[in-house]
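These notes are about the structure you will find just below.
Just so it is clear, none of the values below were taken in a lab; they were calculated from the coordinates. Keep in mind it's a predicted model, so treat the numbers as computed, not measured. Here the Cβ is made from the backbone with ideal geometry for all residues, glycine too, and neighbour counts use every protein chain on show.
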Amino acid sequence: MKLLFDQNLSRKLVNRLADIFPEASHVQLKGLAEKTDTEIWDFAKLNDFCIVTKDADFLERSRLYGAPPKVVWLRCGNAPTSRIEALLRSGEQAIQSLLNETELHRLELH
């Protein structure tokens, strides 16, 4: 499973985090920038992605439907990309556990 950064996150995260999440991508890079949450959810499910987002809608969808896809919800508000990168780096072990353990469906990082 790999990470898919939502529209509300910078595309720069793909390159900045390539050392720890080498298969990560961004919705814009997958042609999903103008797609609905449902279309992004379905794409992630079909292509083995975990959605990384600041959007609580994906977390609620995960609560309703379970996984796949899995969801990482970033609760950092309107933070600069450097802060989001630091948050994801500090949460690397928790994210890897989410990706690898079948019983986990979502993760909140603060």
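Of note:
- Restricting attention to segment 19-56, the residues that are surrounded by 12 or more Cβ atoms within 10 Å (Cβ to Cβ) and on the phi > 0 side of the Ramachandran plot add up to 1.
- Every test in (1) crowded, with 16+ Cβ neighbours inside 10 Å; (2) within 14 Å of the chain's Cα centre (by Cα); (3) over 17 Å from LEU107 (Cα atoms) is passed by ARG16 save one, and that test is (2).
- When every residue of segment 13-29 is checked against the conditions, at least one turns out to be in contact (Cβ under 8 Å) with a residue 40 or more places away in the chain and not in a loop (DSSP other than H, G, I, E, B).
- Taken over segment 72-98, residues that are closer than 11 Å to LEU109 by Cβ, surrounded by 13 or more Cβ atoms within 10 Å (Cβ to Cβ) and either small (Gly, Ala, Ser) or touching a strand residue (DSSP E or B) at 6+ places or on another chain (Cβ under 7 Å) (or both) amount to 10.
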